[in-house]
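Enquirer: Please read through the structure below; I'll follow up with questions.
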Amino acid sequence: MSAPELVAYLNGVGLLGPGLADWPGAARVLSGREIWQRAPTVLPAPQCLPGAERRRTGPLVKLTLAVGLEATAAARADPASLPAVFTSSGADGQTCHEICEALASDDRQLSPTRFHNSVHNAAAGYWGIATGATAASNALCAYDASFAAGLLEALCQVAVEHTSELLVAYDGSYPEPMHHIRPIPDAFGVALVLAPRAGAASLARLEAAFCAARADPMTDAALETLRASIPAARSLPLLAQLARGASGRVVIEYLDNTGLAVEVRPCR
């Protein structure tokens, strides 16, 4: 049997990162209509969570909820009904740092909340609590290729299950001394709602395939630095193509000697 085509329709985008407060503002920057002004990522309080869970959440849960809800609202999709793929190169570095500090101390008792937040699918769990989602979710990690791996997984789910899918890719900074080894400068998250068929909310048709080409850089030097410094920001060339509203091919960084080529065809 031949493999199914990896085709989906993009119905909604959510974005939050340094100097990029949401998708409409980011689209103006990525299309060249505005100049990017670097500023720290501002994470909103997750009002969609009950008070007890809201107090326990870390920055990356706030990030994933913000971009996921922006994307589903733009797609006019019910977040409670969407299967989801969450992908991150390392998830909650702050919590891992705090656990390492506790284990290196004389009192090696771990906080249950820290342990709970340290698992790689914590963001997916909080998403289910916040939205009431009961559909299946996957949590992936592929180091610097995590965005491409997540997109590939989401496209496969759309192609095989013939259902809409939410993709959330996210990364955050690490405290020292881990920051010296993994110098991610700030939090960045992107969410895409993908569907098997075109609809009223569809922005573009996406078709993906493996290729041997190198990943496309950003033409703006400052945005290229951002793309290269945060794994989830490897999505920027694709987002820029979408923001320009033009057909084209974008190669996203994947594994050694293998890229993920995405053909973009606007629906509007």
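Enquirer: Look through Thr95, Thr134 and report the one residue that is at pLDDT below 95 and open to solvent by 30 Å² or more (accessible area, probe 1.4 Å).
Expert: Thr134
Enquirer: I'd like the full set of residues that are farther than 12 Å from Val13 by Cα, modelled with pLDDT of 80 or more and open to solvent by 50 Å² or more (accessible area, probe 1.4 Å), limited to segment 49-75.
Expert: Listed by number, the residues that qualify are Pro59, Lys62.
Enquirer: Counting only residues that are closer than 22 Å to Arg265 by Cα, give me the helices (runs of 4 or more DSSP H) lying completely in segment 1-111 with at least 3 of them.
Expert: Helices (runs of 4 or more DSSP H) meeting the threshold: 23-30, 59-75.
Enquirer: Sticking with this structure for a sec: With the condition kept exactly as written, say whether any residue in segment 240-252 is part of a strand (DSSP E or B) and of a type in the set (D, E, K, R).
Expert: Within segment 240-252 (the criterion being part of a strand (DSSP E or B) and of a type in the set (D, E, K, R)), the answer is yes, since at least one residue qualifies.
Enquirer: Right, Ala145: at pLDDT 95 or above, assigned to a helix (DSSP H, G or I) and touching an Asp or Glu at 6+ places or on another chain (Cβ under 9 Å) or not? Show your work before the answer.
Expert: Values: at pLDDT 95 or above: yes; assigned to a helix (DSSP H, G or I): yes; touching an Asp or Glu at 6+ places or on another chain (Cβ under 9 Å): yes.
When the stated conditions are applied, Ala145 passes them.
Enquirer: Looking only at segment 25-48, which residues are open to solvent by less than 50 Å² (accessible area, probe 1.4 Å) and polar (S, T, N, Q)?
Expert: Selection gives Ser31, Thr41.
Enquirer: Could you tell me how many of the residues in segment 203-221 are part of a loop (DSSP other than H, G, I, E, B), over 15 Å from Val262 (Cα atoms) and over 19 Å from the mean Cα position of the chain (by Cα)?
Expert: Matching residues across segment 203-221 total 2.
Enquirer: A further question on this structure: Going by the conditions given, is Ala169 open to solvent by 40 Å² or more (accessible area, probe 1.4 Å) and either within 16 Å of Gly68 (Cβ to Cβ) or in contact (Cβ under 8 Å) with a residue 40 or more places away in the chain (or both)? Please lay out each step first, then the result.
Expert: Numbers: open to solvent by 40 Å² or more (accessible area, probe 1.4 Å): no; either within 16 Å of Gly68 (Cβ to Cβ) or in contact (Cβ under 8 Å) with a residue 40 or more places away in the chain (or both): yes.
No, not satisfied.
Enquirer: Just the residues that are open to solvent by 50 Å² or more (accessible area, probe 1.4 Å), in a helix (DSSP H, G or I) and within 18 Å of Ile99 (Cβ to Cβ), please, taken from segment 114-131.
Expert: Across segment 114-131, the qualifying residues are Arg114, Phe115, His116.
Enquirer: Quickly run through segment 1-18 and pick out the residues that are at pLDDT 95 or above and surrounded by fewer than 19 Cβ atoms within 10 Å (Cβ to Cβ).
Expert: Val7
Enquirer: Regarding segment 196-204, can at least one residue be identified that is closer than 18 Å to Ala27 by Cα, crowded, with 18+ Cβ neighbours inside 10 Å, at pLDDT 95 or above and small (Gly, Ala, Ser)?
Expert: yes
Enquirer: Has segment 81-92 got at least one residue that is open to solvent by 50 Å² or more (accessible area, probe 1.4 Å) and farther than 19 Å from Tyr170 by Cβ?
Expert: Within segment 81-92, one or more residues are open to solvent by 50 Å² or more (accessible area, probe 1.4 Å) and farther than 19 Å from Tyr170 by Cβ.
Enquirer: Can you tell me which of Arg55, Arg33 is without any contact (Cβ under 8 Å) to a residue 24 or more places away in the chain and closer than 22 Å to Cys96 by Cα?
Expert: Within the list Arg55, Arg33, the selection yields Arg55.
Enquirer: On the given criteria, is Thr225 within 19 Å of the chain's Cα centre (by Cα), open to solvent by 50 Å² or more (accessible area, probe 1.4 Å) and at pLDDT 95 or above?
Expert: Against the criterion (within 19 Å of the chain's Cα centre (by Cα), open to solvent by 50 Å² or more (accessible area, probe 1.4 Å) and at pLDDT 95 or above), Thr225 qualifies.
Enquirer: Same structure, new question: Please specify each residue of segment 239-258 satisfying the condition of being out of contact with any Asp or Glu (no Cβ under 7 Å at 6 or more places or on another chain), of a type in the set (A, V, I, L, M) and free of Cβ contacts under 8 Å to residues at least 60 places away in the same chain.
Expert: The one that is out of contact with any Asp or Glu (no Cβ under 7 Å at 6 or more places or on another chain), of a type in the set (A, V, I, L, M) and free of Cβ contacts under 8 Å to residues at least 60 places away in the same chain: Ala246.
Enquirer: Give me the pairs: first residue in segment 95-109 and under 16 Å from Thr57 (Cβ atoms) and in contact (Cβ under 8 Å) with a residue 60 or more places away in the chain, second residue open to solvent by less than 100 Å² (accessible area, probe 1.4 Å) and not in a helix (DSSP H, G or I), beta-carbon distance under 8 Å, and six or more apart or on different chains, which are they?
Expert: Pairs found: Cys96/Gly90; Cys96/Tyr174.
Enquirer: With the checklist (1) open to solvent by less than 40 Å² (accessible area, probe 1.4 Å); (2) closer than 19 Å to Pro231 by Cα in hand, flag the one item His180 doesn't pass.
Expert: All conditions are met except number (1).
The values are calculated or read from the model by the stated rules, or taken from the named source; none is laboratory data. All values derive from a computational prediction rather than experimental measurement. Glycine gets a Cβ as well: all are built from the backbone with ideal geometry, and neighbour counts include every protein chain shown. Side chains included, ligands, DNA and RNA excluded: accessible areas come from the protein's heavy atoms. Shrake-Rupley method; radii C 1.70, N 1.55, O 1.52, S 1.80 Å.
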